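To start, the structure itself, in structure tokens.
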């Protein structure tokens, strides 16, 4: 009997899944920008995780795995887009990167589905395009990470300054 590898072994950890800790962070009382940031991280990590799982599905060269991963990417991208439309981003520069990442993720899902289901599709060209799109998602992810680190460090400095002022 053939033993199939687990999804975690094939695609890595369940990155993008909402952990209990992340859920608790969102429920904790915070200021509106902090709450937005925490929830945005949850939503966008799901998109980034699905993007990475799609990327991993390509290496399997299995059309069903690719379709399943593309469907997941499309679903989480729609959910994140819906969340973002009802929760405005506090930083317009960041918003451009988030919208770019979500738009690119949606394009990956549509292009991937077309590559697998359309018999007339030029697979080599399409997969090259998908590779470029996935690289763009990674770039936008790094911008997001950088923004979050800047916001986190400035918040810690303000908190430390407030604590020091209260002690003095």
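From the list 102, 67, 84, which residue is part of a helix (DSSP H, G or I), buried (at least 20 other Cβ atoms within 10 Å of the Cβ) and modelled with pLDDT of 90 or more? It would help to see each step written out before you state the result.
Numbers: 67 fails: buried (at least 20 other Cβ atoms within 10 Å of the Cβ); 84 fails: buried (at least 20 other Cβ atoms within 10 Å of the Cβ).
After ruling out the rest, the residue left standing is 102.
Looking across 74, 43, one residue alone is surrounded by 15 or more Cβ atoms within 10 Å (Cβ to Cβ) and within 21 Å of residue 32 (Cα to Cα). It is 43. Give the range 48-83 a look and list any residue that's within 19 Å of residue 140 (Cβ to Cβ) and touching a residue at least 60 places away in the same chain (Cβ under 8 Å), or say none. If the condition is that a residue be within 19 Å of residue 140 (Cβ to Cβ) and touching a residue at least 60 places away in the same chain (Cβ under 8 Å), then 48, 51, 54, 55, 76 are the ones that fit.
The values are calculated or read from the model by the stated rules, or taken from the named source; none is laboratory data. As the structure is a computational prediction, the values presented were derived from the model and not from experiment. So basically every Cβ, Gly included, is an ideal-geometry build from the backbone, and we count neighbours across all protein chains shown.
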